[in-house]
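Structure, as structure tokens:
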Amino acid sequence: MTEQAAIAAFLDQETAKLDTLTTEAKTAITLLQERRTALISAAVTGKIDVRGLVSAKTEVKAETVPC
């Protein structure tokens, strides 16, 4: 019985850790989704200029394509 209680206590601790990590991951996902939405909105409304970023990305792709 003592060993079973020790195992149960250990599993409770590990489950609590996993629950905490799951909650933190969900919070991070929600925050990242909000930031993504805000970034897209800012780009679409012209609050930030992304034209240079698109050009730079296209140039990098063109350089890496073998001829």
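Worth a mention:
- If you go through region 11-51 and pick out every residue that is open to solvent by 100 Å² or more (accessible area, probe 1.4 Å) and assigned to a helix (DSSP H, G or I), you end up with 15.
- Inside region 1-10, residues that are in a helix (DSSP H, G or I) and either open to solvent by 90 Å² or more (accessible area, probe 1.4 Å) or of a type in the set (Val, Ile, Thr) (or both) make up a count of 5.
- Residue within region 2-10 that is polar (S, T, N, Q), within 25 Å of the chain's Cα centre (by Cα) and at pLDDT 90 or above present: no
The values are calculated or read from the model by the stated rules, or taken from the named source; none is laboratory data. Keep in mind that this is a model prediction, so the values were computed, not measured. Heads up: the accessible areas ignore ligands, DNA and RNA and are worked out on the full protein's heavy atoms, side chains in. Shrake-Rupley method; radii C 1.70, N 1.55, O 1.52, S 1.80 Å.
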